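S.K.: Can you read through this structure? Questions will come right after.
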Amino acid sequence: MDQTLYCNLTSPYARRVRVLLRELGLEHDVQEEVVDPFASPRNLLDRNPLSKIPVLVTGAGLTLPDSGLIMAFLLDGTEDSDQGWPASRGDWSAATEVTLAEGVIDAAVAIVMENRRPESIRFPEQIDRQVATIRRVLPRFEHRIGAQGGTASIAADITLGVALAYLDFRTPWLNWRDDHPCLDRWLSEWVTRPAMQATKPPDGPY
């Protein structure tokens, strides 16, 4: 079944889908088309008028314009019911972990976007607010990883791994590893997975 994933190689939202595809062994079934969402290219707008990535177009012509939707579609399509999207199988604890890890990505991207505004119209308060969000969330995962060695689902593991890697990539000045030794050790091992290595972002915008 031919499928196309519209993505950007530095986007953490696209990366978590790209990692999942490789973890499920589906990377060869999906063609990746790299686009710049900020340029609003026609091939992206035709599939997602929001001009956001990632977007998955399935072989049946279904268009999924959100990383969470795509991950749910992919996981719910696996034969292993225990590996499905947490909310789909009523695992609200695991679903909460996914949402919290997504929130770290959202906050980090907001910091990056704000720092790219001209300094004269940049809002330090916005950056401070997003930093505070990250600093509130990470201790929860520090405790979870320290106690259990991982999260409750592959979806949360992937989202958390991509979120932490994005912090290293775009906001190294946060030095998040200093106060979170369990997360530090966990990520150092997680990034060695072939799926993470294959999707390591090049240095570039977004």
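Read the figures in this text as sums done on the coordinates, not as results from a lab. This one's a predicted model, so the numbers in the text were calculated from it and none came from an experiment. When we count neighbours, we look across all protein chains shown, and the Cβ atoms used for this are built from the backbone with ideal geometry, even at glycine.
S.K.: Under 8 Å for C-alpha pairs, at least 6 residues apart: give me the relative contact order for the chain, rounded to a whole percent.
M.R.: Normalised by residue count, the contact order of the chain is 23 percent.
S.K.: To the nearest 20 debye, what is the magnitude of the charge dipole of region 3-84 about its Cα centre, counting +1 on the Cβ of each Lys and Arg and -1 on the Cβ of each Asp and Glu?
M.R.: Rounded to the nearest 20 debye, it is 420 debye.
S.K.: Here's another thing I want to ask about it. For a test of the definition: using alpha carbon positions, the gyration tensor, and the 1.5 limit on a/c, classify region 3-84 as rounded, prolate or oblate.
M.R.: Note, shape of region 3-84 comes out prolate.
S.K.: Taking region 18-121, which GluC sites (Glu not before Pro) meet the DSSP loop condition and have no more than 11 other C-beta atoms within 10 Å?
M.R.: Answer in residue order: GLU79.
S.K.: Please report the net charge: other residues with Cβ closer than 15 Å to the Cβ of ASP178, K and R +1, D and E -1.
M.R.: -1
S.K.: What are the membrane-span-like helices in the chain by this rule: whole DSSP H runs, Cα extent along the axis at least 27 Å, mean Kyte-Doolittle hydropathy at least 0.5?
M.R.: 92-115
S.K.: Provide the three semi-axes, in whole Å and in decreasing order, of the ellipsoid equivalent to region 24-136 as defined by the square roots of 5 times the Cα gyration tensor eigenvalues.
M.R.: 30, 23, 10
S.K.: If the only charges are +1 at each Lys and Arg Cβ and -1 at each Asp and Glu Cβ, what is the size of the charge dipole of the chain around the Cα centre, to the nearest 20 debye?
M.R.: Here the chain has a charge dipole of around 520 debye.
S.K.: Dipole magnitude of region 86-193 about its Cα centre, charges +1 at Lys/Arg Cβ and -1 at Asp/Glu Cβ only, in debye to the nearest 20?
M.R.: That gives a dipole near 100 debye.
S.K.: Could you tell me whether region 86-193 comes out rounded, prolate or oblate from its Cα gyration tensor? Rule is a ≥ b ≥ c as square roots of the eigenvalues, rounded for a/c under 1.5, then prolate if a/b exceeds b/c, otherwise oblate.
M.R.: prolate
S.K.: Continuing with the same structure: Report, in deg cm²/dmol and to the nearest 500, the calculated mean residue ellipticity at 222 nm for the chain, where each DSSP H run with n ≥ 4 adds -39500 (n - 2.57) and the sum is divided by the residue count.
M.R.: Value at 222 nm, helices only, nearest 500: -16500 deg cm²/dmol.
S.K.: At 10 °C and 1.306 mPa s, grab the translational diffusion coefficient of the chain from Stokes-Einstein with a Kirkwood Rh over Cα pairs, rounded to a whole number in µm² per second.
M.R.: The Stokes-Einstein estimate is 90 µm²/s.
S.K.: Under the classification rounded if a/c is under 1.5, otherwise prolate if a/b is larger than b/c and oblate if not, where does region 66-106 fall, given a ≥ b ≥ c as square roots of the Cα gyration tensor eigenvalues?
M.R.: Cα axes put region 66-106 in the oblate bin.
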